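What follows is a single structure, written as C-alpha cells, with notes after it.
Taken together, the values in this text are just the output of simple stated rules run on the coordinates, not laboratory data. Just so we're clear, the structure is a prediction, and the values are computed from it rather than from any experiment. Methodologically, a virtual Cβ is constructed for each residue, glycine included, from the backbone with ideal geometry; neighbour enumeration extends over all protein chains shown.
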Amino acid sequence: MNLTKLEELLKNEPGFRIKQIERAVFKDFSENWNDLTNLPVKLRNLLTGKIDLSINGQIFESADSGSLKALIRLDDGILIETVLLMHKDGRNTICLSSQAGCALGCRFCKTGELGFKRNLTTEEIVLQALFFSRYLKKVNTRITNIVFMGMGEPFLNYDNFLNAVRFLNDENKFSIGQRKISVSTSGITEKIRMLADENMQINLAVSINAPDDEIRRKIMPIADKYTLDELISSIRYYIEKTNRRVMLEYVLLKEINDFPEHAEKLSKKIKGLLCFVNLIPFNGDDIGKRPLIKNINEFKKILSNNKIPFTQRYRFGDDIKAACGQLVFSKNL
Ligand code: SF4
C-alpha cells in the first residue's frame, strides 16, 4: 500500500471526500475499494487500478500467551516485525518497529545483533498498525494501546516516529489517544528533551538497565555517548515539562546488573524522580544471562524497601520470539 501515492491521487478531491476515504481505510479498515459504496464508481475504479490496499504480511501465533507476531515485507523486500499482545482484560497492544534493524547493539537484544538496515517511513510505521487492525476487525475488536518497542530506536527516526504518532492519534484515522501510546528509548537525551517540548501526552519509557556508567557501557554501547547523569537530567526535564511519570526499563542480566548492591545504587540514583522501574528478567536464548529467581526477588525487595515503585514485565510470547529485544527477521515470507 502506498499512502503517498494515495495523497497524490486525491489532491484535487474535495475535503469531505478525502475524509471519507481516510475513514474507510484507517478507521473502518476496509481492504477493498469496492466496499466504499459511498464513493462515485469512477473514483472507486480509479483507486482500484492505482492503489493496492493489500499488505504483504504473515502472522505467527504464540501457543500460550495471546501474542501474535507479524512479519511484514516492505516494497523494497525488507522484512519488519510487529507484535500484537491480546490481554485478558480486553486491551490489545501493538508493538511497532520504527527501524529495520538497529544500529545501537544493546548486548541483550536480538535486533541489535542484526545491525541497521534503514529507517522506516511514517507510512511503514502506520502500515504495521493497519495490518493488525484488519486482523482485529475480523474478531470484532480494535487496537487499544500502542508501544514503540519493536525493532529500532524511535528517537533515531524522530520525525517519522512523531508523524506516525500524530497519524495514529488523528480522530479521523486510528483515533488512539495519546495517553495510550508509549515510546521506549535507549536514552537519546536531546530527543527526550525535544519530546518534552512537543506538548504531547504520550508515555515515555527509558531503557536504563544499569545503576552506573561502567555497567551501562558494558551492555549498551550508547552509554559511551551519554552518561547516566545526563540521561537522568533529561528525564527530569521531561517530567518537569510534562508532569508525566516515566517508566525506567531495567533488563535484569545474570551477574551483570542483578546484585543487591545494584538495586541499592539504582534506588539512590533515581530517588525522588516521578518514575517507576519496569523489571524485565532477561528471557532470551542465551540462558547464561537469565537471572536467578532469588536475585530477582532480592532486587525487588530492595526497591520496595527504598520506596521505589516497580513492576515486573510478564513474559509474553517467548515461543514466537516476541518478547522484549527478540524481534528479528526470523522467517521468510
Ligand atoms: S534494545 Fe532497542 S535500542 Fe537496543 S539494540 Fe535493541 S532495538 Fe536497538
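5 Å is the cut-off here: which amide hydrogens, built 1.01 Å from N in the peptide plane, fall below it relative to Thr185, excluding neighbours closer than 5 in sequence?
Correct list: Ala205, Val206, Ser207.
Kirkwood hydrodynamic radius for segment 146-205: how many Å is it when counted over pairs of different Cα atoms? Each step should come with its number before you reach the end.
Working: mean 1/r = 0.0860 Å⁻¹.
Mean inverse Cα-Cα distance, inverted, gives 11.6 Å.
I want the antiparallel fraction of DSSP beta bridges within the chain, as a percent rounded to 5. Present the calculation step by step, with values, prior to reporting the outcome.
Details: 19 of 42 bridges.
Percentage antiparallel, nearest 5: 45.
Of the listed peptides 180-193, 1-14, 105-118, 143-156, what is their order by residue-averaged count of other C-beta atoms within 10 Å, with the highest listed first? Mind showing how you got there, number by number?
Numbers: 180-193: 20.7, 1-14: 13.6, 105-118: 18.6, 143-156: 23.3.
The densest-packed peptide leads the list: 143-156, 180-193, 105-118, 1-14.
If you look at just the Cα atoms of the chain, how large are its Rg and its Dmax in Å?
Expressed in Å, the Cα Rg and Dmax of the chain come to 20.9, 70.
Equivalent ellipsoid semi-axes for segment 192-309, as square roots of 5 times the alpha carbon gyration tensor eigenvalues: give them largest first, rounded to whole Å. Could the numbers behind the result be given before it?
Numbers: eigenvalues 124, 50, 33 Å².
Values for segment 192-309, descending: 25, 16, 13 Å.
Lys and Arg at +1, Asp and Glu at -1: add these up for the other residues within a Cβ distance under 11 Å of Leu43 and post the number.
Combined, the nearby Lys, Arg, Asp and Glu give +3.
Return a whole-number percent for the relative contact order of segment 1-54, with Cα pairs under 8 Å and 6 or more residues apart as the contact set.
Values: 27 pairs, mean separation 24.3, N = 54.
It comes to 45 percent, rounded to a whole number.
Before rounding to the nearest 500, sum -39500 (n - 2.57) across all DSSP H runs of length at least 4 in the chain and divide by the residue total; then give [θ] at 222 nm in deg cm²/dmol.
On the way: 11 runs with 117 residues, N = 333.
After summing the helix terms and dividing by the residues of the chain, the value is -10500 deg cm²/dmol.
Obtain the nm distance between the two label points defined at Lys241 and Lys88 by a simple spin-label model: each point lies 7 Å from its Cα along the Cα-to-C-beta direction.
4.0
Could you tell me the ratio Rg/Rh of segment 48-180? Both radii from Cα atoms, Rh via Kirkwood. If you can, show how the numbers build up before the last one.
Details: Rg = 14.6 Å, Rh = 15.3 Å.
Looking at segment 48-180, the ratio lands at 0.95.
Below 8 Å between Cα atoms, with a sequence gap of 6+, how large is the relative contact order for segment 134-229 in percent?
Working: 94 pairs, mean separation 22.3, N = 96.
Across segment 134-229, relative contact order equals 23 percent.
Going by alpha carbons, how many degrees (0 to 90, nearest 10) lie between the helix axis of 122-137 and the longest principal axis of the chain?
For 122-137 against the chain, the angle is about 80 degrees.
Calculate one ³J(HN,Hα) per residue across segment 4-15 by plugging θ = phi - 60° into the Karplus curve 6.51 cos²θ - 1.76 cosθ + 1.60, and present them in order as whole Hz with x for glycine and proline.
5, 5, 4, 4, 4, 5, 9, 4, 9, 7, x, x
Which log10 I(q)/I(0) values, to two decimals, does segment 1-54 give at q = 0.16 Å⁻¹ under the Debye formula with one point per Cα?
Ignoring solvent entirely, the Cα scatterers give -0.39.
Pairs of alpha-carbon atoms within less than 8 angstrom and 6+ residues apart define the contacts here; what relative contact order does segment 30-179 have, in percent? Intermediate values should be presented prior to the final figure.
Details: 238 pairs, mean separation 27.6, N = 150.
The value is 18 percent.
Compute the acute angle (0 to 90°) between the alpha-carbon long axis of helix 293-305 and the principal axis of greatest extent of the alpha-carbon atoms of the chain; round to the nearest 10°.
Taking the Cα atoms of the chain, the angle to 293-305 is about 80 degrees.
Would you list which aspartates and glutamates come within 15 Å of Lys5, measuring only between C-alpha atoms, while excluding same-chain residues fewer than 8 positions from it?
Qualifying aspartates and glutamates at Cα under 15 Å: Glu13, Glu22, Asp52, Asp75, Glu123, Glu124.
How are the Cα pair distances of segment 1-98 distributed, in percent, across 10 Å bins from 0?
13, 37, 28, 19, 3
Taking the dipole about the Cα centre of segment 76-175, with the C-beta of Lys and Arg at +1 and of Asp and Glu at -1, give me whichever of Cys102, Met86, Ala164 is farthest to the positive side.
So the residue we want is Met86.
How big is the dipole moment of the chain about its Cα centre under a simple scheme where the beta carbon of each Lys and Arg is +1, that of each Asp and Glu is -1, and everything else is neutral? Debye, nearest 20, please.
Values: 50 positive and 41 negative charges, 151 e Å.
Dipole magnitude for the chain comes out near 720 debye.
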